[in-house]
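Contents: one structure, followed by commentary.
The values are calculated or read from the model by the stated rules, or taken from the named source; none is laboratory data. Since this is a predicted model, take the numbers as computed values, not measurements. Every residue, glycine among them, receives a Cβ derived from its backbone with ideal geometry; neighbour counts consider all protein chains shown. Surface accessibility is based on the protein's heavy atoms, side chains included, excluding ligands, DNA and RNA. Shrake-Rupley method; radii C 1.70, N 1.55, O 1.52, S 1.80 Å.
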Amino acid sequence: MENSNVNVNVNMFEALKGNSLGSPEEPPYDPLPPIEDLPLPSTFRWGTATAAYQIEGSPTADGKGPSIWDTFSHLSPSRTNNENGDIACDHYNRVEEDLDLMASYGMDVYRFSIAWTRIIPLGGRNDPVNAQGIAFYNKLIDGLLARRIEPIVTLYHWDVPAALYERYGAFLDTAEFVADFETYARVCFEAFGDRVRKWVTFNEPYIIAIFGHHSGVLAPGRSTETGGDSSTEPWVVGHTLILSHAAVVGLYIRDYAGAQKGEISIVLNGHWYEPWDASDPADREAAQRRLEFYIAWFGDPIFLGKDYPSAMRAQLGDRLPQFTEEELARLRQLASRHTFYGMNHYSTKFAKALHEPPPLDDCTGNVEELSTNKTGRAVGPVSGMPWLRVAPHGFRKLLGWIWARYKLPIIVTENGCPDPGESQTPVEQAIEDKFRMTYLGLYLDTISRAITEDGVQVEGYYVWSLMDNFEWSAGYGPRYGITHVDFQTLVRTPKRSVWYLKHTFEERRRGSLTRSH
Ligand code: NOJ
């Protein structure tokens with residue numbers, strides 16, 4: 001998710017073939033390589049991902065309570081393109097149809113999130129549990145298993161109970177939030193853990209902290225301009241997320257992992273950053289620092305059991321909360337219990353060092369982010385989102401960076417893009433999604449290369465998304481789905497990517513790929 005809903009109305013697929021530069025306003029970029037359908041391990045698992053608020057609809061059905069997204073998407077003036085998730089894809093009522101769709105795609109896994117307010121409508125540790133909410137996810141999980149699709153469950157994908165936000169500011173009160181999140185997680189482990197083998201605590205903590213509490217473009221919409229404090233709140237929120245994650249991982253390992261035989265981790269997102277001027281050491285350092293402010297902010301405490309990266313401490317001082325000795329000891333203990341790294345990744349940007357001292361509310365590491373480098377070249381062709389350019393070479397570098405730093409098997413828990421102009425085209429044209437197919441093919445080739453040539457362990461790949469859905473502040477404009485959804489009739493139509501994915505995974509896994517480590 002990024003802060004733009006502008007779609008570029010040009011067909012860039014021609015540009016993907018290599019030499020053409022697309023529309024005249026578009027900057028030049030190096031030609032992309034051809035898709036090679038390189039092999040993947042026979043054990044490699046593919047699937048699709050979604051999130052509750054983006055697809056379910058039915059915000060008050062069967063006792064569901066409101067989340068901050070129900071509030072945020074109904075604000076006036078609208079901050080979500082005058083759209084909301086009240087109906088979305090109506091997945092809540094069409095779950096059987098969607099399960100059949102998934103089965104027809106031949107996918108191995110389905111990553112979805114649970115809406116906290118379906119399970120505990122008010123959210124708190126002393127609030128009542130809603131059996132009807134549990135029944136819905138039981139139906140979904142059982143339906144997946146009956147179709148031999150593995151459920152991968154995200155506990156939190158941005159929809160904190162509105163009541164908790166009203167009571168104590170949600171993530172802004174670390175102790176309260178940890179206790180409530182732990183209770184909610186326990187209810188989920190008790191209810192679903194007999195059938196779920198992979199859990200994710202939080203989806204994209206960076207976005208929760210920065211987009212929710214710094215720029216305020218996502219719920220709960222906090223920033224200095226709207227009564228928050230962009231120079232302090234994001235760091236408190238990040239701290240809460242890390243400690244809540246640790247509490248729930250600890251809980252799962254102590255009380256459930258043995259009997260339920262599952263794994264639990266977190267999903268971190270991040271772009272790759274190239275230096276704006278590759279010959280300038282300051283820009284090379286800026287690119288590294290940007291990655292630390294984005295990914296290592298969470299990755300180092302969680303996967304290494306260490307304090308925040310020193311570049312963050314140096315810049316943010318006391319505004320970055322301190323871990324107590326006890327918390328650090330606990331983080332260290334838990335670090336090695338993680339068995340996978342959940343990676344959401346979409347694109348690459350350029351990082352340029354800023355030379356003046358950063359403003360107090362800087363969250364980048366004093367770096368300017370650009371879509372072109374010093375010579376005016378872009379990283380690749382632009383998709384249907386202005387910030388999302390096709391850059392498989394950046395993906396490969398980021399896979400290597402994560403592997404080198406955290407030494408954990410990687411699951412790509414989200415990747416994908418909208419086709420340029422897709423949201424302005426009728427369904428017949430939208431389903432001919434050549435741009436997306438090319439993007440997916442190149443990113444899968446990259447995984448193959450990372451495994452065979454770089455020795456990176458990558459275990460799975462989940463496309464964002466199963467179907468077109470509510471893209472947060474951008475509403476229904478951007479279409480990331482491999483299934484087209486007509487938001488008037490709610491009819492689902494598979495796009496061509498579906499058949500490409502089905503076929504390419506069959507082919508790629510048929511190869512005799514062995515890991516190089
Ligand atoms: C990240 C988020 O997890 C998801 O909710 C969002 O729709 C996609 N990426 C696309 O922006």
If we take the stretch 358-467, then strands (runs of 3 or more DSSP E) inside it with 1 or more residues that are within 16 Å of the ligand (Cβ to nearest atom) and open to solvent by less than 10 Å² (accessible area, probe 1.4 Å) are 410-414, 458-464
Going through the stretch 197-225 one residue at a time, which ones are assigned to a loop (DSSP other than H, G, I, E, B) and small (Gly, Ala, Ser)? Ser215, Gly216, Ala219, Gly221, Ser223
Which numbered condition in (1) more than 16 Å from the ligand (Cβ to nearest atom); (2) open to solvent by less than 40 Å² (accessible area, probe 1.4 Å) is the only one that Pro205 fails? (1)
Yes or no: the stretch 496-508 includes at least one residue that is buried (at least 21 other Cβ atoms within 10 Å of the Cβ), within 16 Å of the ligand (Cβ to nearest atom) and in a loop (DSSP other than H, G, I, E, B). no
How about the stretch 278-293: which of its residues are touching a residue at least 24 places away in the same chain (Cβ under 8 Å) and open to solvent by 10 Å² or more (accessible area, probe 1.4 Å)? Ala278, Asp280, Ala282, Glu285, Arg289, Glu292
Which residues, counting only those in the stretch 83-119, are in a helix (DSSP H, G or I) and open to solvent by less than 10 Å² (accessible area, probe 1.4 Å)? Val95, Asp98, Leu99, Met102, Tyr105, Trp116, Thr117, Arg118, Ile119
For the stretch 157-175, what are the residues that are of a type outside the set (A, V, I, L, M, F, W, C) and part of a helix (DSSP H, G or I)? Tyr165, Glu166, Arg167, Tyr168, Thr174
From (1) part of a loop (DSSP other than H, G, I, E, B); (2) surrounded by 15 or more Cβ atoms within 10 Å (Cβ to Cβ), pick out the condition that doesn't hold for Thr154. (1)
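Does Phe192 fit the bill of being more than 16 Å from the ligand (Cβ to nearest atom), under 30 Å from Gly228 (Cβ atoms) and among the hydrophobic types (A, V, I, L, M, F, W, C)?
no
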Quick one: is Leu328 over 23 Å from the mean Cα position of the chain (by Cα) and in a loop (DSSP other than H, G, I, E, B)? no
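So, Gly250, is that one open to solvent by less than 10 Å² (accessible area, probe 1.4 Å), part of a helix (DSSP H, G or I) and over 19 Å from Glu182 (Cβ atoms) or not?
Criteria not met by Gly250.
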Show the residue pairs that are 6+ apart or on different chains and have beta-carbon atoms under 8 Å apart, the first residue being within the stretch 330-344 and crowded, with 19+ Cβ neighbours inside 10 Å, the second being assigned to a strand (DSSP E or B) and among the basic types (Lys, Arg). Phe340/Lys198
In the stretch 24-64, which residue that is touching a strand residue (DSSP E or B) at 6+ places or on another chain (Cβ under 7 Å) and of a type in the set (D, E, K, R) is least open to solvent (accessible area, probe 1.4 Å)? Glu26
Here is a list of conditions, (1) open to solvent by 10 Å² or more (accessible area, probe 1.4 Å); (2) farther than 17 Å from Gly365 by Cα; (3) outside any loop (DSSP other than H, G, I, E, B), and Gly228 meets all of them except one; can you say which number that is? (3)
